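The values are calculated or read from the model by the stated rules, or taken from the named source; none is laboratory data. Remember, predicted model here, so these are calculated numbers, not experimental data. Neighbour counts run over all protein chains shown; Cβ positions are idealised from the backbone, glycine included. Heads up: the accessible areas ignore ligands, DNA and RNA and are worked out on the full protein's heavy atoms, side chains in. Shrake-Rupley method; radii C 1.70, N 1.55, O 1.52, S 1.80 Å.
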Amino acid sequence: MVTPEQIKDLSQREAQLEKFLDIERRTMELADDELRSQAPGFWDDAKNAQAHMKKVKENKKWIEGYKEVKSAVEELQLAYDFVKDEIATEEELDAALVHATAVIEKLELDNMLRREEDQLGAVLKIVAGAGGTESQDWASMLYRMYTRYCEAKGYKVTITNFQDGDEAGIKTVTMQIEGDTVYGYLKSESGVHRLVRVSPFNAQGKRMTSFTSVFVTPLVDDTIEVQIDPSKISWDLFRSGGAGGQNVNKVETGVRLRYKFKDPDTGLEEEILIENTETRSQQDNRENAMRLLRSQLYDRELKRRMAQRDKLEAGKKKIEWGSQIRSYVFDDRRVKDHRTNYQTSNVQAVMDGDIDAFIKAFLMEFGGAEI
């Protein structure tokens with residue numbers, strides 16, 4: 001039975017979202033920006049035009065999201081009145097409550113992803129840990145999990161590097177994922193993922209523990225400036241492995257980019273290594289390797305700024321990048337996130353890509369803090 005208190009709560013949350021998202025200002029900005037985009041010569045400066053249209057798209061997204069929330073709350077109130085007048089059923093009212101709650105929770109969650117980098121796509125890299133076949137098989141299972149997740153969300157996935165395991169599974173894979181707020185959601189997946197199971201590769205049927213690392217960085221676009229020193233770049237060429245026809249095997253289309261990075265704070269130098277075998281065109285692979293380099297450098301600068309803010313805001317919680325974040329215990333039917341303590345017994349659903357609850361729990365607890 002839906003109560004007036006439940007409707008009042010959702011109405012208050014809708015009003016808060018209107019205020020936090022500044023819908024009135026965004027609506028005026030959108031009208032002005034759409035007029036500007038229709039002016040003669042608007043596309044003469046393609047870079048500025050793309051940045052302008054990105055702003056238009058962002059304002060549209062928030063305005064349309066809020067309109068959906070407002071409409072759902074109004075429909076809920078209407079359904080409540082109709083039930084009192086015996087025009088609608090209790091089942092219809094319950095359905096209206098479920099729908100209104102869902103769209104409000106989605107917009108509240110999206111509201112936590114308002115930083116510039118949150119709106120970008122993501123580069124997700126999976127690297128098998130020590131342990132040979134067992135860890136490489138675990139890496140392939142995570143690859144399948146994230147692929148299923150992206151398919152369900154309608155994200156575009158491009159594999160830019162893929163290395164098969166020695167006997168089974170994979171050694172590493174790099175996924176370029178494009179869509180709205182992809183990085184905002186998937187940034188919660190960075191870290192070490194731990195698997196505990198009875199290994200199919202162990203003749204004695206022993207319980208084995210495996211570790212695989214997941215690295216998530218923002219996928220930068222042309223509207224974001226990243227400084228790259230050309231003198232610090234070097235290239236290697238190699239033949240792409242795997243299926244793809246004779247051209248892949250005979251022509252050096254694979255590229256390996258090396259960049260000498262110097263930490264601006266410590267002065268320490270390290271080499272950033274990026275491999276790209278996405279296409280049969282060496283030039284296309286070079287261009288995408290440069291995009292991935294820009295993404296990594298952008299991510300490093302983000303983390304540097306976050307570390308500086310952490311020093312100033314020591315009271316805030318933070319997540320240590322690269323730490324063990326989640327355990328998947330198959331025989332106990334349990335997947336647990338060690339940062340939020342959220343867990344589920346539906347292991348199969350998680351491995352099929354249903355990780356929304358883990359992402360939501362993370363954002364609800366750390367969305368306002370610096371990662």
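Observations, loosely collected:
- Taking all pairs of distinct alpha-carbon atoms in the range 1-48, Kirkwood radius in angstrom: 13.9
- Farthest toward positive dipole pole in the chain [+1 Lys/Arg, -1 Asp/Glu at C-beta], among Asn276, Leu76, Val2: Asn276
- Taking all Cα-Cα distances within the range 157-229, those exceeding 21 Å account for 47%.
- Nearest-10 value in Å² for the accessible area of Phe358, using the 1.4 Å probe: 0
- Cα radius of gyration and Dmax for the chain (Å): 23.9, 76
- Test item: Cα-centred dipole of the range 1-100, Lys/Arg +1 and Asp/Glu -1 on Cβ, debye: 780
- Summing Cβ point charges (Lys, Arg +1; Asp, Glu -1) relative to the Cα centre of the chain gives a dipole of roughly 1640 debye.
- Antiparallel content of DSSP bridges confined to the chain, in %, to 5: 90
- A Cβ-based charge dipole, computed about the Cα centre of the range 123-163 with Lys and Arg at +1 and Asp and Glu at -1, lands at about 240 debye.
- Charge-dipole axis of the range 1-90 as Lys and Arg at +1 and Asp and Glu at -1 on Cβ define it, positive-most pick from Gln38, Leu17, Gly65: Gln38
- Ranked order, Thr172, Thr266 - accessible area, probe 1.4 Å, largest first: Thr266, Thr172
- Of the solvent-accessible surface of the chain, computed with a 1.4 Å probe and all protein chains present, 49% belongs to carbon and sulfur.
- Across Lys84/Lys360; Lys67/Lys153; Lys19/Lys54; Lys8/Lys57; Lys54/Lys153, pairs whose alpha-carbon gap is larger than 27 Å: Lys84/Lys360; Lys8/Lys57
- Candidates Leu97, Gly132, Asn111 compared by Cα position along the dipole of the range 59-152: farthest toward the positive end lies Gly132, with charges placed on Cβ.
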